[in-house]
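The values are calculated or read from the model by the stated rules, or taken from the named source; none is laboratory data. Being a predicted model, the structure only gives us computed values, none of them experimental. Backbone-built Cβ (ideal geometry, glycine too); neighbour counts: all protein chains shown.
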Amino acid sequence: MSLRIYNTLSRDLQPFAPIEPGHVRMYVCGMTIYDLCHIGHARMMMAFDVVQRWLKTSGYRVTYVRNITDIDDKIIKRAVDRGITIRALTDEMINAMHADISLLGIEPPTLEPRATQFVPQMLDLIRQLETKGLAYKASSGDVNYAVRKFPGYGKLSGKSLDELRAGERVAVQDGKEDPLDFVLWKSSKDSEPEDAKWDADALGYGYGKGRPGWHIECSAMSCQTLGETFDIHGGGADLQFPHHENEIAQSEGASGKPLAKFWVHNGFVRVDNEKMSKSLGNFFTIRDVLAKYHRETVRFFLIRTHYRTALNYSDVHLDDAHTALKRLYTALSLATPDTLAVDWTDPFAARFKAAMDDDFGTPDAVAVLFDLASEVNRTHSSAAASLLKALGACLGLLQGDPQAFLQAGAGLDESAIAALIAQRATAKAAKNFAEADRIRQELLAKGIVLKDSAAGTSWEALQ
């Protein structure tokens, strides 16, 4: 079976083939960078990390663009509150994001454009829309998009214009001709810092001092980096409307061409049945989570649920993910992998491929890993262990040292544990089994589990 992807635009699974044979061009809406990233952001970046990994595994060359929004109201407010420049804030938060997601094994995109690097291109796009009668200067000084003049508006979200109508009071307050219209260029306020303003007149456009609206950023950056039409446009489900709907209106309104063949959206992370978000205050930063859990446990937790399915966050679910991942690493500790090459005709590999080719079906792919682990446990086969490690690599899993993972989080250092194991061995040799059992219980109280075998005594950390 060839790769099929669920297309939000058509609302069904469709066979995937790139516009340019052998080369996939993918754009994903990234972070608005004013604070540390939370686990909901990690879920989005992880989903598309898996997508680009599988596309590469499938033999495609991938140009993956994930943008950064480094200018907006929240960024301006945070910089002002902290008494620093916008650039100082965004540089700090971008560096923090890179550090956090690298710990989760999320690979960097091919390109990571920042919105502030593309303001002239945004202004040029706004001028094109104005020339075509799709944009207008409002009495407020803003430049707005005229939604009702774009015939296809609503095709991504499935919403009609009547369903989307807002109150007329909004239109009067912000100078819009229609309450559905949205801003392309925001006129500057005197109270805003100078580093939040671009002089459009000085750049050759008659829009005055201001800054771009959020939606125009992605239309300009995707077009400049990938062309007017590309293969995959992705992001969180919350971006489907209005952000992605507005991108379509802007980009297709200007070019007359489809923006993307496939629209792909990942599901939310939920806490107590509510979407995790900073506005609700129910978020956990990536750093919060990594302080408690092994980084690969967090990756496994995010991957084992299908990317389109809502993911429930709790310590219970992360504990379960850690226990499950230990089963896979325990199998790898029993046999030494000899190669990472995959024979895709192997029954396990063929099942894994079928799962991933069905809209990146990680739950079924992970189930194959557990079946392979059972095979390794039964046979201690190096070939099976090799395949387990190689298929895990397709998901960014199981590439660490098994013993290091199994022993991570121990309450004692290795030398102290080794000393107690030696004392226990001495007690057993002297037939002092009460003392040997006492030492086992002492280690267990510190989160250390001993495992006796013919080869000697090994240990694992409980968490």
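If we keep just the residues of segment 261-284 that are at pLDDT below 95 and part of a strand (DSSP E or B), which is farthest from Leu397 (Cα to Cα)?
Narrowing segment 261-284 to residues at pLDDT below 95: 268-284.
Cutting the leftovers down to part of a strand (DSSP E or B) gives us 269-271, 274-275.
Numbers: Val269: 21, Arg270: 24, Val271: 25, Glu274: 29, Lys275: 27 Å.
Among residues in segment 261-284 that are at pLDDT below 95 and part of a strand (DSSP E or B), the one farthest from Leu397 (Cα to Cα) is Glu274.
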Item checked: strands (runs of 3 or more DSSP E) (entirely within segment 1-105) containing at least 2 residues that are closer than 20 Å to His244 by Cβ and under 17 Å from the mean Cα position of the chain (by Cα) -> 23-28, 61-66
Checklist line | Odd one out for Ser140, checked against (1) part of a helix (DSSP H, G or I); (2) surrounded by fewer than 16 Cβ atoms within 10 Å (Cβ to Cβ) | finding: (1)
Note to self: Can you pull out every residue in segment 1-50 that is under 14 Å from Trp263 (Cβ atoms), among the aliphatic types (A, V, I, L, M) and in contact with a helix residue (DSSP H, G or I) (Cβ under 7 Å, 6 or more places away or on another chain)?
What the structure shows: Met26, Val28
Note to self: Which residue is nearest to the chain's Cα centre (by Cα), if the candidates are limited to segment 106-147 and must be over 30 Å from Gly400 (Cβ atoms) and β-branched (Val, Ile, Thr)?
What the structure shows: Thr116
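Here is a yes/no grid of residues against (1) out of contact with any helix residue (DSSP H, G or I) (no Cβ under 6 Å at 6 or more places or on another chain); (2) exposed (fewer than 12 other Cβ atoms within 10 Å of the Cβ); (3) outside the structural domain of Leu89 (by TED's automatic domain parsing); (4) of a type outside the set (D, E, K, R):
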{"residue": "Leu134", "(1), (2), (3), (4)": "no, no, no, yes"}
{"residue": "Leu161", "(1), (2), (3), (4)": "yes, no, no, yes"}
{"residue": "Glu194", "(1), (2), (3), (4)": "yes, yes, no, no"}
{"residue": "Trp198", "(1), (2), (3), (4)": "no, no, no, yes"}
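Determine if segment 148-156 includes at least one residue that is farther than 30 Å from Arg82 by Cα, assigned by TED's automatic domain parsing to the domain that holds Phe241, over 32 Å from the mean Cα position of the chain (by Cα) and part of a helix (DSSP H, G or I). Write out each step before concluding.
Step one: list which residues in segment 148-156 are farther than 30 Å from Arg82 by Cα, which gives 148-156.
Still in the running and assigned by TED's automatic domain parsing to the domain that holds Phe241: 148-156.
Keeping just the survivors that are over 32 Å from the mean Cα position of the chain (by Cα) gives 148-149, 151.
Now restrict to residues that are part of a helix (DSSP H, G or I): 148-149.
Looking through segment 148-156, at least one residue is farther than 30 Å from Arg82 by Cα, assigned by TED's automatic domain parsing to the domain that holds Phe241, over 32 Å from the mean Cα position of the chain (by Cα) and part of a helix (DSSP H, G or I).
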Note to self: I'd like to verify a number: residues in segment 326-373 that are farther than 23 Å from Ala408 by Cα and not aromatic (Phe, Trp, Tyr), how many?
What the structure shows: 28
Next item on the list: Among residues belonging to segment 358-372 that are surrounded by fewer than 18 Cβ atoms within 10 Å (Cβ to Cβ) and acidic (Asp, Glu), point out the one that is farthest from Gly59 (Cα to Cα).
Entry: Asp371
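Please verify whether Leu388 is touching a Lys or Arg at 6+ places or on another chain (Cβ under 9 Å), touching a residue at least 60 places away in the same chain (Cβ under 8 Å) and crowded, with 23+ Cβ neighbours inside 10 Å, treating the condition exactly as stated.
Values: touching a Lys or Arg at 6+ places or on another chain (Cβ under 9 Å): no; touching a residue at least 60 places away in the same chain (Cβ under 8 Å): yes; crowded, with 23+ Cβ neighbours inside 10 Å: yes.
Spelling it out, it is not the case that Leu388 is touching a Lys or Arg at 6+ places or on another chain (Cβ under 9 Å), touching a residue at least 60 places away in the same chain (Cβ under 8 Å) and crowded, with 23+ Cβ neighbours inside 10 Å.
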Notebook entry, point to check: If you check Ala96, Ala17, which single one turns out to be of a type in the set (A, V, I, L, M, F, W, C), modelled with pLDDT of 95 or more and more than 30 Å from Phe284 (Cα to Cα)?
Noted result: Ala17
Check: Mind checking which pairs have a first residue in segment 100-112 that is in the same structural domain as Ile68 (by TED's automatic domain parsing) and a second that is surrounded by fewer than 16 Cβ atoms within 10 Å (Cβ to Cβ) and not β-branched (Val, Ile, Thr), Cβ under 7 Å, 6 or more apart or different chains?
Finding: Asp100/Arg287
Margin query: Based on this model, can you work out whether Leu311 counts as in contact with a strand residue (DSSP E or B) (Cβ under 8 Å, 6 or more places away or on another chain) and exposed (fewer than 14 other Cβ atoms within 10 Å of the Cβ)?
Written below: no
Next item on the list: Could you please let me know if Gly281 is over 18 Å from Asp12 (Cα atoms), of a type outside the set (Phe, Trp, Tyr) and assigned by TED's automatic domain parsing to the domain that holds Leu226?
Entry: no
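Which ones in segment 208-227 are in a loop (DSSP other than H, G, I, E, B) and either closer than 21 Å to Tyr64 by Cα or in contact with a helix residue (DSSP H, G or I) (Cβ under 6 Å, 6 or more places away or on another chain) (or both)? Talk me through it step by step, then tell me what you get.
Of the residues in segment 208-227, the ones in a loop (DSSP other than H, G, I, E, B) are 208, 213, 227.
Matches in segment 208-227: Gly227 only.
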Next item on the list: For segment 180-191, name all the residues that are crowded, with 17+ Cβ neighbours inside 10 Å and either in a loop (DSSP other than H, G, I, E, B) or not assigned by TED's automatic domain parsing to the domain that holds Ala79 (or both).
Entry: Leu180, Asp181, Ser188
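Being aliphatic (A, V, I, L, M), surrounded by 21 or more Cβ atoms within 10 Å (Cβ to Cβ) and in contact (Cβ under 8 Å) with a residue 40 or more places away in the chain is the requirement here; does Leu129 meet it? Before you say what the answer is, go through the steps one by one.
Working: aliphatic (A, V, I, L, M): yes; surrounded by 21 or more Cβ atoms within 10 Å (Cβ to Cβ): yes; in contact (Cβ under 8 Å) with a residue 40 or more places away in the chain: yes.
It is true that Leu129 is aliphatic (A, V, I, L, M), surrounded by 21 or more Cβ atoms within 10 Å (Cβ to Cβ) and in contact (Cβ under 8 Å) with a residue 40 or more places away in the chain.
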